[in-house]
Amino acid sequence: MLVKQLLPASENFIPMISEREIQVLKFLCKEKTALEIADILKLSERTIQGYRENLFRKINAKSLIGLYKYAVLKGIYEEG
């Protein structure tokens, strides 16, 4: 699988991701903006941006594509 080949050797490492961060990650995978996610979850846009920043740091992703790859490989998000 191409996505698996692009992950670093430490792909088995699973950081501690909160349930709320997983929720936000799923919405990001569906191409929702921070403002849209904030509206859905009844939170501020800044709060969603904070969750997103935490995800980048915890997963060590450099882009939204990195977050998406992580979510697919770990079974957090399935397209369809």
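Rounded to the nearest Hz, the phi-derived 3J(HN,Hα) couplings of region 63-80 under the Karplus curve 6.51 cos²θ - 1.76 cosθ + 1.60 (θ = phi - 60°) are 8, 5, 5, x, 5, 4, 4, 4, 4, 5, 5, 8, x, 7, 10, 10, 6, x, where x marks glycine and proline. Taking a straight line from the alpha carbon of residue 30, these aspartates and glutamates sit under 12 Å away, with near neighbours fewer than eight places off in the same chain left out: 78, 79.
Label-to-label distance for residue 62 and residue 23 is 3.2 nm, based on points extended 7 Å past Cα in the beta-carbon direction.
Read the figures in this text as sums done on the coordinates, not as results from a lab. What you see is a predicted model, and the numbers here were worked out from it, not measured in a lab. When we count neighbours, we look across all protein chains shown, and the Cβ atoms used for this are built from the backbone with ideal geometry, even at glycine.
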